[in-house]
Amino acid sequence: MAAAPLTAYPNPCTTELLVPADPRPRTAEVLDLTGRRVLRQELTGGAERIGTAALPSGMYVLRVLAGGEKVGRQVRFSKQ
């Protein structure tokens, strides 16, 4: 069974990326294109804002974990 799509917006982003609400506690991880984790943030429910202002411009991958398992597919985004 294929994983459900993960959405995040706006794409491209400048200072923050928004992830839709989910009642489960989750962890968001942002990876650069080499696979190195550059940001980790706990998500507690509701629509969440992930601060991206400190990231250099470029392409990144967002993955969201709940209980150590991926929630949906990873999504690529651009930081301007």
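List of remarks:
- Enumerated strands (runs of 3 or more DSSP E) restricted to the chain, each holding at least 2 residues that are among the basic types (K, R) and open to solvent by 80 Å² or more (accessible area, probe 1.4 Å): 37-43
- Condition met for A54 (under 21 Å from Q80 (Cβ atoms) and out of contact with any helix residue (DSSP H, G or I) (no Cβ under 6 Å at 6 or more places or on another chain)): yes
The values are calculated or read from the model by the stated rules, or taken from the named source; none is laboratory data. All values reported here derive from a predicted model rather than from experimental measurement. All Cβ positions, even for glycine, are placed from backbone atoms using ideal geometry, and neighbour counts span all protein chains on display. Just so you know, the surface numbers come from the protein's heavy atoms only, side chains and all, with ligands and any DNA or RNA stripped out. Shrake-Rupley method; radii C 1.70, N 1.55, O 1.52, S 1.80 Å.
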